[in-house]
Amino acid sequence: MKIKVLSLNTWMGGILWQPCYDFVTAQQADIILLQEIYSSVDDKLDPRFRSKLLFESELSEFQSFFSAFICDLREKEGPIDNGNMILSRWPMVETETIFFDEPYASYDHDNTVDFSQWAAGAQRVIVGLPGDKKLQIANLHGPVWYEGAEPTERRMNMIKSLNTVCSQTLPTIIAGDSNATPDNPCWQKLDPRYTSVFNNQLKTTFNMRRKTNPGYATAAVDVFLISTGIKVMRAQCLDLDISDHLPIVVEIEIDNLA
């Protein structure tokens with residue numbers, strides 16, 4: 001069975017809203033993993049603050065699961081939850097929100113310089129595929145630290161959490177913005193059944209049109225990991241100007257699903 005999966009950090013709901021929205025909704029992906037999604041329903045606000053609602057409305061045939069990791073205390077717009085969202089063509093028969101260490105809390109994003117103590121976590125779902133088959137997915141947003149290769153305690157907590165919550169022996173995808181580069185020693189602690197679809201060959205997953213710090217040019221922090229039992233048909237990290245991160249699109253095939 002072939003499945004197309006899209007993963008993207010939208011950049012605070014979609015600062016580049018129209019190209020971001022157009023790309024995501026035109027991809028005809030079966031499963032969409034988004035990070036930094038806002039959940040306001042106030043139609044007077046800019047579209048990016050309503051990104052959850054607008055993606056759900058356009059992709060109304062998909063099942064949606066949203067997890068708020070923070071409440072953004074915005075001076076102009078007021079408090080709005082921000083987090084991850086999964087959209088699936090097939091039903092999600094299990095859903096779970098995991099915080100790696102720090103709990104959900106309120107922050108003032110626009111007046112924050114140090115994001116290193118902000119809540120980080122993942123969504124874990126099991127998708128019920130045709131034929132009573134199952135696929136496990138973790139959509140993550142890892143803890144921020146500006147040295148991508150440093151194995152901080154919070155990054156080690158991320159790996160421990162992923163090993164625990166993805167322990168079921170199902171075909172599994174772990175994807176999203178990890179905020180850790182492939183050479184970070186924390187990845188050595190991840191269950192060895194997971195491998196990168198890019199074989200750690202990506203130079204960066206940031207859109208350097210939107211970054212001024214040259215360090216981002218060598219920071220491939222967005223991951224797409226698969227367990228044994230999943231075959232990669234095509235894997236792309238697309239150099240598009242739709243966010244401050246680059247979108248990842250992967251087509252997989254699964255034959256013997258549990």
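Bear in mind these aren't lab numbers, they're just calculated from the coordinates by the rules spelled out. This structure is a prediction, so every number in the text was calculated from the model and none was measured. No Cβ is skipped: glycine too gets one built from the backbone with ideal geometry, and neighbour counts run over all protein chains shown.
Can you list residues from other chains, or at least 5 along the same chain, whose modelled amide H is less than 5 Å from the amide H of Thr205? Under 5 Å from the amide H of Thr205: Ala219, Ala220, Val221, Asp222. The Cβ shell under 10 Å around Ile252 holds other residues with a net charge of +1, Lys and Arg each +1, Asp and Glu each -1.
Annotation: the antiparallel percentage among DSSP beta bridges lying fully within segment 1-143 is about 80.
Less than 13 Å Cβ to Cβ from Ser227, Lys/Arg counted +1 and Asp/Glu -1: what total charge do the surrounding residues give?
Values: positive: Lys134, Arg193, Lys231; negative: Asp191.
Computed value for this residue: +2.
Considering the chain as a Gaussian network with a 10 Å cut-off on Cα pairs, which listed residue, Pro47, Pro171, Pro79, attains the greatest mean-square fluctuation? Largest GNM mean-square fluctuation: Pro79.
Dipole orientation for segment 2-253: of the candidates Trp118, Val250, Gly13, Val250 has the Cα lying most toward the positive pole (charges on Cβ; Lys, Arg +1; Asp, Glu -1). For segment 145-224, state which trypsin sites (Lys or Arg not before Pro) are in a DSSP loop and have at most 11 other beta carbons lying within 10 Å of their beta carbon. Passing both the DSSP loop test and the Cβ count: Lys203.
Take each peptide in 85-92, 38-45, count the other Cβ atoms within 10 Å of every residue, and average; sorted highest first, the result is 85-92, 38-45.
Nearest 500 deg cm²/dmol is fine: what mean residue ellipticity at 222 nm does the chain get from its DSSP H runs of n ≥ 4 alone, each adding -39,500 (n - 2.57), divided by its residue count? Don't skip to the end; give the middle numbers.
Numbers: 3 runs with 31 residues, N = 258.
Per the formula, -3500 deg cm²/dmol.
For the chain, the number of Lys pairs with C-alpha atoms closer than 20 Å, counting only pairs eight or more positions apart or on separate chains, is 13.
For the chain, the Cβ-based charge dipole about the Cα centre amounts to some 700 debye (Lys, Arg positive; Asp, Glu negative; other atoms uncharged).
Sparsely packed loop sites in segment 95-159 (the chymotrypsin sites (Phe, Trp or Tyr not before Pro) outside DSSP H, G, I, E and B with at most 15 other Cβ atoms within 10 Å) comprise Tyr104, Phe115, Tyr146.
Full-extension gain between Glu253 and Gln117, please, as 0.36 nm times their residue separation minus the C-alpha to C-alpha distance. Provide the component values of the computation, followed by the final result.
Working: separation 136, 0.36 × 136 = 48.96 nm, distance 3.78 nm.
Fully extending the segment from Glu253 to Gln117 adds 45.2 nm.
Taken over the C-alpha atoms, segment 2-253 has Rg and Dmax values of 16.8, 50 angstrom.
Out of the DSSP beta bridges found with both residues in the chain, what percent are antiparallel (nearest 5)? Approximately 80 percent, going by the DSSP bridge assignments.
The gain in end-to-end length when the Lys2 to Ile15 segment is fully stretched comes to 1.5 nm, 0.36 nm per residue minus the alpha carbon separation.
In loop segments of segment 64-145 as defined by DSSP, the GluC sites (Glu not before Pro) with at most 11 further C-beta atoms inside 10 Å of their C-beta are Glu75. What does the charge add up to near Asn139, with Lys and Arg as +1, Asp and Glu as -1, over the other residues with Cβ less than 13 Å from its Cβ? Computed value for this residue: -3.
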